[in-house]
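Quick one: structure below, then a few questions.
The values are calculated or read from the model by the stated rules, or taken from the named source; none is laboratory data. Here the structure is a predicted model, which is why all the values come from computation and not from measurement. For neighbour counting, all protein chains shown are included, and Cβ atoms are generated from backbone atoms with ideal geometry for every residue, glycine included.
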Amino acid sequence: MLDIVSVLKRDGWTASVLGRLLHVGCEQTVGDTHLAYIDQGVLQITPSRYTHSVVISVAVHGDEILPCVLLDRWLAEYLNQKVSLAARLLLIFANPDAVNANTRFVAHNLNRLFANSIAENRTLGLEGERANTLMRVLADFTSDNRPVWLLDLHSAIRPSLYSTFAVLPCGMPDRESVCQHAERLGLGATLTSSKPSSTLSWFAAAKLACKAMTIEIGQVMTWEDAKKSAAMYRDFFLRLTQFLASPETFPSTSTSTSTSTSTSTLPIAHYAVSREIKKQHHDLMFHFPSQSPNFSLLEAGAPILNQGGETLLAQPQERIVFPNVNVPLGHRALLLVRPI
Ligand SMILES: [Zn+2]
């Protein structure tokens, strides 16, 4: 039987998870590093000496492929000893069933289930069970009370004015340090939520005191396009690699790394949610063009949307993020954000 490292070197992380090529519970020690496949799509890598603890999750949404491609590359480089690891690292491939089915989710949006009770999630099918598993795995990983970073990698449904940006849960411990790291990762912007939510990064921050962020990288695309587009995100990839290799050499600002790989010299922008708009009527209609990218600036006083016979007007400096008219009633249809 092949060991963990041989399978991952031969088939890669994504294919090993999707094809169920690794056996849950298998472990291996290579040199001074211990690998453990603790659940489907959950791999812990523990060097004998480490300086920080990091969780990197991908595929919470099954159609967000680019982060999977980037993580596959990092793991291949690590296993081939091209990059080093100074972190105790937990890799999570969150929803392999949705990726296999080529869909965002099978029954329920996984990123809406992390505020539920275990009993509630048990009634919510495949994603409910998966949310319970991931909450248990994360509670175990953070149980020694050392600080843990959680980077939940996604891709946005529509284009964005920033090619990478982070959504920070509200009530995050040490938010300042998380913002600094968002800048060090070369992200274009941060967006701080205004209230508790039900996402994986909210759960990690609010319930387990992790330094957590949801990072949006590019747009939803096919596997073929994601493999072609990965080079455009090389700056982020290199910075993430540095973060895992050595916090000491991690660049202190977004402009301090060498130039040939840097895609952005603009300072990071920080936003906060000013209003969250829920869909309350089936006739919800946006006034801005349907192709408007995330973070598009609205003109103060301009109509933003109509629903139930009422018109909502833009306040000064408001921008749109994650507009989606096709959500169920009661769900979030739009975030309005302002610079902070
Ligand atoms: Zn997503």
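Can you tell me how many residues in the stretch 1-29 are part of a helix (DSSP H, G or I) and out of contact with any Asp or Glu (no Cβ under 9 Å at 6 or more places or on another chain)?
Number of matching residues: 10.
If the Cβ limit is 6 Å and pairs must be 6+ apart or interchain, which residue in the stretch 317-330 that is in contact (Cβ under 8 Å) with a residue 12 or more places away in the chain and in the same structural domain as Asp283 (by TED's automatic domain parsing) pairs with which residue that is aromatic (Phe, Trp, Tyr) and assigned to a loop (DSSP other than H, G, I, E, B)?
From residues that are in contact (Cβ under 8 Å) with a residue 12 or more places away in the chain and in the same structural domain as Asp283 (by TED's automatic domain parsing), the pairs are Arg319/Phe295.
Look at Thr164 and say whether it is within 16 Å of the ligand (Cβ to nearest atom) and farther than 21 Å from Arg332 by Cβ.
Yes.
Within the stretch 33-73, how many residues turn out to be in a helix (DSSP H, G or I) and within 14 Å of the ligand (Cβ to nearest atom)?
Residues meeting the conditions: 3.
Confirm whether Asn121 is under 24 Å from Ala206 (Cβ atoms) and surrounded by 22 or more Cβ atoms within 10 Å (Cβ to Cβ).
no
Moving to a separate point now. Please give the number of the condition Leu151 fails out of (1) within 16 Å of the ligand (Cβ to nearest atom); (2) not in a strand (DSSP E or B).
For Leu151, the exception is condition (2).
Residue-by-condition table, conditions (1) within 16 Å of the ligand (Cβ to nearest atom); (2) closer than 18 Å to Val60 by Cα; (3) more than 16 Å from the chain's Cα centre (by Cα):
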{"position": "Glu176", "(1), (2), (3)": "no, no, yes"}
{"position": "Thr190", "(1), (2), (3)": "no, no, no"}
{"position": "Ser197", "(1), (2), (3)": "yes, yes, no"}
{"position": "Ala204", "(1), (2), (3)": "yes, yes, no"}
{"position": "Asp225", "(1), (2), (3)": "no, no, yes"}
{"position": "Arg239", "(1), (2), (3)": "no, no, no"}
{"position": "Gln242", "(1), (2), (3)": "no, no, yes"}
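Could you check, for the stretch 124-140, whether at least one of its residues is outside any helix (DSSP H, G or I), within 16 Å of the ligand (Cβ to nearest atom) and touching a residue at least 24 places away in the same chain (Cβ under 8 Å)? Step through it out loud before you land on a result.
Here is the first cut: in the stretch 124-140, the ones outside any helix (DSSP H, G or I) are 124.
From what's left, within 16 Å of the ligand (Cβ to nearest atom): none.
Checking the stretch 124-140: not a single residue is outside any helix (DSSP H, G or I), within 16 Å of the ligand (Cβ to nearest atom) and touching a residue at least 24 places away in the same chain (Cβ under 8 Å).
Quick one: how many residues across the stretch 163-219 are assigned to a strand (DSSP E or B) and of a type in the set (Ser, Thr, Tyr)?
Number of matching residues: 4.
Still on this structure, I have one more. Residues that are surrounded by fewer than 21 Cβ atoms within 10 Å (Cβ to Cβ) and more than 22 Å from Tyr78 (Cα to Cα): does the stretch 224-246 have at least one?
Within the stretch 224-246, one or more residues are surrounded by fewer than 21 Cβ atoms within 10 Å (Cβ to Cβ) and more than 22 Å from Tyr78 (Cα to Cα).
Looking at the stretch 52-74, which of its residues are over 17 Å from the mean Cα position of the chain (by Cα) and either buried (at least 24 other Cβ atoms within 10 Å of the Cβ) or among the aliphatic types (A, V, I, L, M) (or both)?
none
Residues checked against (1) in the same structural domain as Glu129 (by TED's automatic domain parsing); (2) on the phi < 0 side of the Ramachandran plot; (3) of a type outside the set (Asp, Glu):
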{"position": "Gly12", "(1), (2), (3)": "yes, no, yes"}
{"position": "Ser16", "(1), (2), (3)": "yes, yes, yes"}
{"position": "Leu21", "(1), (2), (3)": "yes, yes, yes"}
{"position": "Asp39", "(1), (2), (3)": "yes, yes, no"}
{"position": "Val42", "(1), (2), (3)": "yes, yes, yes"}
{"position": "Pro47", "(1), (2), (3)": "yes, yes, yes"}
{"position": "Gly62", "(1), (2), (3)": "yes, yes, yes"}
{"position": "Arg73", "(1), (2), (3)": "yes, yes, yes"}
{"position": "Ala87", "(1), (2), (3)": "yes, yes, yes"}
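Can you find a residue that is farther than 20 Å from Ala98 by Cα and surrounded by 20 or more Cβ atoms within 10 Å (Cβ to Cβ) anywhere in the stretch 7-26?
Yes: one or more hits.
Another question, if that's okay. Quick test of your reading of the structure: Val148 fulfils all but one of (1) at pLDDT 95 or above; (2) within 22 Å of Phe93 (Cβ to Cβ); (3) among the β-branched types (Val, Ile, Thr). Name the failing condition by number.
(1)
Still on this structure, I have one more. Could you tell me whether Ser143 is within 16 Å of the ligand (Cβ to nearest atom) and either modelled with pLDDT under 95 or of a type in the set (Ser, Thr, Tyr) (or both)? Spell out how you get there, then give the answer.
Details: within 16 Å of the ligand (Cβ to nearest atom): no; either modelled with pLDDT under 95 or of a type in the set (Ser, Thr, Tyr) (or both): yes.
The answer is no for Ser143.
Ok, one more. Being aliphatic (A, V, I, L, M) and within 27 Å of Leu21 (Cα to Cα) is the filter; apply it to the stretch 96-123 and report the residue that is nearest to the ligand (Cβ to nearest atom).
Looking at residues that are aliphatic (A, V, I, L, M) and within 27 Å of Leu21 (Cα to Cα), I get Leu110.
Could you please find all residues in the stretch 206-223 being away from the ligand (no atom under 16 Å from the Cβ) and crowded, with 18+ Cβ neighbours inside 10 Å?
Passing the criteria: Ala206, Leu208, Cys210, Lys211.
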